[in-house]
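Peer 1: Structure below; questions to follow.
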Amino acid sequence: MSVTEMFSYIQGFLSADQDVREDIRKVVQILEQNAREILTVLQSVHQPSGFKEIPSKCARARELFCTVRTQLADLKTKFPVEQYYRFHEHWRFVLQRLAFLSAFVVYLESETLVTREEVAQILGIEVVREKGFHLDVEDYLAGVLIMASELSRLAVNSVTAGDYSRPLRISNFINELDSGFRLLNLKNDPLRKRYDGLKYDVKKIEEVVYDLSIRGLAKEPESGVDKLELGRISG
Amino acid sequence: MAQKPRDERGPDECLSLKTSEGCPRKNADAVQDRDASANPSSPIIAVFKVFQQELDTKHDKYERLVKISRDVTIESKRTIFLLHRVTSVPNAEDILNEADVKLDAVRQKIGLIAEELRGEDIYQFHRAFTAGIQEYVEAVSFLHYIRHRSLISLEEINARLVFMRTEKVDPKGSDEALPLGAQVLTFHVTPSDYLLGVADLTGELMRMCISSVGNGDIDTPFQLSQFLRQIHDGFSYIGNTGPYEVSKKLHTLRQSLGKVEDACYALRVRGSEIPKHMLADVFSSRTTLLDPEEGVV
């Protein structure tokens, strides 16, 4: 093969690669648009009036996730299934956002941490790489961390809206999440940087809880918490 | 940590609650100790332990690949230094054979990479070994050029990256019938890594050109000039549709080509006037970037 022939072959390969990426970009753009719509629906829970409407907003968000499922099903067809990581960078951002939105919806509905399997189900994708287009564990974790920030904001706005018990529940939840994240041995990568932000969320929520408890505003649905808060303050 | 299931609190909090009736009423998701070891039975902790294992496994594999890749890089670079000596010794064949042996060892290392990647998505780990592979491409294409005065193809490179794996882990395989459980493992250099390796090759060819002139060889520069021009034209054709590193290397490639073309010019115009052993000095102004060990100032 001559030099010219070799470069010609390579050019063909690169050109085909570019075409695939172009196709992927188009679908990702639509996905990002969908994600923004879901975010708009869910953002409104921060408003004082929004708190009462949480169930209906979650229902609406879940409807919008149907469209997302269709888009992701389309995205899967744009490239060979075994080359997921070759193109992963194109959808990494939007998939993290969608993981966050799934986690947020599930938290608003049940105040629990969504599992990776549940997120995958909401999005209509796999958990295990070998089975097809999947949710990478790091993207799931990034989504959870984005939600943590959202919850710290929600804690603040709950108080403003007059809900004094929600911040305590958020505090418990975030602290447990923090314990979980501490188990991970993270490398110096974007996930690590995002995790570093979690401590600020924890701190912010703690301050909200503190503000409530020293003013006696925190009525505790679970037992013994305010005693514990006092214990913490004096100890 | 032997903790009673009802009592999920750490020692500090318990002090204030010794007589508290509150303990048994505690829910599983009530206030947790900040310490990670506080509540091993929490579902969140349990699931994060799984994540920990997954991430550790992935990072370990990545690190193993980085280590192998470093070895590949070092041995390939040494092979390249070895090959530069063909212009200055009488018996080139010895050097070429030694280079063969070295590159066989490098191929074995690449076989180890292939083993680590078995069943994986190679692109998930590509950054770990891309540098080593590019260096290997540079070395093997350099050897190929010296022998055949042509550019090795991607196919030819990949054809030599086929490994036999048997029960006894015999990498070379054998010509006899394969024992049960024998496997064929392949490693595919991507077109992009090939391209980047060839871009680096041009730098070595430029060095070879200048040093061959210093040794009185006035044919090689003209051959090289022709060859480099073809490669340069190939890269121009690809332009910026390739990986972005190609654009950076294209700049260096143009410089290399320029040096070689100047060398040919000087030889053509002034070659006959200058004693062979002084030819090297003719290019001294343009060769300040070369390694001292090439023998050219």
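Peer 1: Name every residue in segment A:27-48 that is open to solvent by 60 Å² or more (accessible area, probe 1.4 Å) and part of a helix (DSSP H, G or I), in order of residue number.
Peer 2: Going residue by residue through segment A:27-48, those that are open to solvent by 60 Å² or more (accessible area, probe 1.4 Å) are A:29-30, A:33, A:36-37, A:40, A:43, A:47-48.
Scanning segment A:27-48 gives A:GLN29, A:ILE30, A:GLN33, A:ARG36, A:GLU37, A:THR40, A:GLN43, A:PRO48.
Peer 1: For the structure I just gave you, tell me whether A:ILE122 is closer than 23 Å to A:ALA218 by Cα, in contact with a Ser or Thr (Cβ under 8 Å, 6 or more places away or on another chain) and open to solvent by less than 20 Å² (accessible area, probe 1.4 Å).
Peer 2: Numbers: closer than 23 Å to A:ALA218 by Cα: no; in contact with a Ser or Thr (Cβ under 8 Å, 6 or more places away or on another chain): yes; open to solvent by less than 20 Å² (accessible area, probe 1.4 Å): yes.
Criteria not met by A:ILE122.
Peer 1: For segment B:188-204, check the following and say yes or no: at least one residue is in contact (Cβ under 8 Å) with a residue 24 or more places away in the chain, over 25 Å from B:VAL72 (Cβ atoms) and buried (at least 22 other Cβ atoms within 10 Å of the Cβ).
Peer 2: Checking segment B:188-204: not a single residue is in contact (Cβ under 8 Å) with a residue 24 or more places away in the chain, over 25 Å from B:VAL72 (Cβ atoms) and buried (at least 22 other Cβ atoms within 10 Å of the Cβ).
Peer 1: Still on this structure: Could you look through segment A:1-20, keep only residues that are more than 8 Å from chain B (Cβ to nearest Cβ) and buried (at least 16 other Cβ atoms within 10 Å of the Cβ), and pick out the one that is farthest from A:ARG69 (Cα to Cα)?
Peer 2: A:ASP17
Peer 1: Output the residues belonging to segment B:82-102 that are in a helix (DSSP H, G or I), without any contact (Cβ under 8 Å) to a residue 60 or more places away in the chain and either touching a strand residue (DSSP E or B) at 6+ places or on another chain (Cβ under 6 Å) or not polar (S, T, N, Q) (or both).
Peer 2: Kept after step one, since they are in a helix (DSSP H, G or I), are these residues of segment B:82-102: B:82-87, B:92-102.
Within this subset, residues satisfying the condition of being without any contact (Cβ under 8 Å) to a residue 60 or more places away in the chain are B:82, B:85, B:92-102.
Selection gives B:LEU82, B:ARG85, B:ALA92, B:GLU93, B:ASP94, B:ILE95, B:LEU96, B:GLU98, B:ALA99, B:ASP100, B:VAL101, B:LYS102.
Peer 1: Sticking with this one: Give segment A:85-107 a look and list any residue that's out of contact with any helix residue (DSSP H, G or I) (no Cβ under 7 Å at 6 or more places or on another chain) and within 12 Å of chain B (Cβ to nearest Cβ), or say none.
Peer 2: To start, the set of residues in segment A:85-107 that are out of contact with any helix residue (DSSP H, G or I) (no Cβ under 7 Å at 6 or more places or on another chain) comprises A:88-89, A:93.
A:HIS88, A:GLU89, listed by residue number.
Peer 1: Check A:THR112 against each of (1) within 9 Å of chain B (Cβ to nearest Cβ); (2) in a helix (DSSP H, G or I); (3) among the β-branched types (Val, Ile, Thr) and name the one condition it does not meet.
Peer 2: (2) is the only condition that A:THR112 fails.
The values are calculated or read from the model by the stated rules, or taken from the named source; none is laboratory data. Treat the numbers as computed from the prediction; the structure is a model and nothing was measured. Every residue, glycine as well, gets a Cβ built from its backbone with ideal geometry; the counts of neighbours run over all protein chains shown. Just the protein is used for accessible areas: all its heavy atoms, side chains included, with ligands, DNA and RNA removed. Shrake-Rupley method; radii C 1.70, N 1.55, O 1.52, S 1.80 Å.
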